[in-house]
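The values are calculated or read from the model by the stated rules, or taken from the named source; none is laboratory data. This one's a predicted model, so the numbers in the text were calculated from it and none came from an experiment. Because the Cβ atoms are built from the backbone with ideal geometry, glycine has one as well, and the counts that use them run over all protein chains shown.
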C-alpha cells in the first residue's frame, strides 16, 4: 500500500525587523532572519562609517524595504569598486551598501536595528587591513573614578612613531 504524502503546511508570513537612521527620517525593514552578518575592516567601509570597522547584515534585495523617507536618501557610487553606498541626507547615517557583483543582495549596517536580525556577525572581511588602533579584544579594566569607563592598561612597549617621508 502506497502512502500519500500529506500536503506541507502553509508558509508563515515573514517577520520584519525594523531599523532607522539617527534622525528617524529614513526607516527600513528586512525580513527575519538576515542572510548573513560580518565585520568589514576595509578602508572604504572604515571611511564611510568613520569607525575602525563596520558591521553589516546582508539581506536579499526582495526582503529589504525602505518604509519611510526614500526621498531623504542620497547615494555615493564608486565606479572603480562597483559599489553604491546610501546615506540619510539629513543626519548622514549610512543606510545601505550594494555591490554590482551581487545585484540580489543589500548590505545594511547592523547598528540601524535595535532588535535581533537572526544572524550574528561571525565573519571578518579584510582583517589584514584592520587599523592598529582598533580594539581587538585586549583585557580592559575599570578606570578609577570614572564609572562606566574602561581602559587597556597595557604593558606593551609603545610603538615607534611613523617614519615621515622627506
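Side notes on the structure shown:
- Some residue of segment 92-105 being farther than 15 Å from residue 48 by Cβ, part of a strand (DSSP E or B) and in contact with a helix residue (DSSP H, G or I) (Cβ under 8 Å, 6 or more places away or on another chain): yes
- Among (1) touching a residue at least 24 places away in the same chain (Cβ under 8 Å); (2) out of contact with any strand residue (DSSP E or B) (no Cβ under 9 Å at 6 or more places or on another chain); (3) within 17 Å of residue 102 (Cβ to Cβ) - the single one residue 56 does not satisfy: (2)
- Filter result (touching a residue at least 24 places away in the same chain (Cβ under 8 Å) and buried (at least 17 other Cβ atoms within 10 Å of the Cβ)) within segment 90-104: 93, 94, 95, 96, 97
- Enumeration of residues in segment 77-87 that are in a strand (DSSP E or B) and without any contact (Cβ under 8 Å) to a residue 12 or more places away in the chain: 77
- Of the criteria (1) touching a residue at least 40 places away in the same chain (Cβ under 8 Å); (2) closer than 16 Å to residue 24 by Cα; (3) more than 15 Å from the chain's Cα centre (by Cα), which one residue 61 fails: (2)
- The set of residues in segment 116-147 being in contact with a strand residue (DSSP E or B) (Cβ under 9 Å, 6 or more places away or on another chain), surrounded by 11 or more Cβ atoms within 10 Å (Cβ to Cβ) and in contact (Cβ under 8 Å) with a residue 40 or more places away in the chain consists of 116, 117, 118, 119, 120, 121, 123, 124, 125, 126, 127, 130.
- Considering 67, 55, the condition of being out of contact with any helix residue (DSSP H, G or I) (no Cβ under 6 Å at 6 or more places or on another chain) and modelled with pLDDT of 95 or more is satisfied by 67 alone.
- Residue match in segment 46-58 (condition: assigned to a helix (DSSP H, G or I) and farther than 19 Å from residue 20 by Cα): yes
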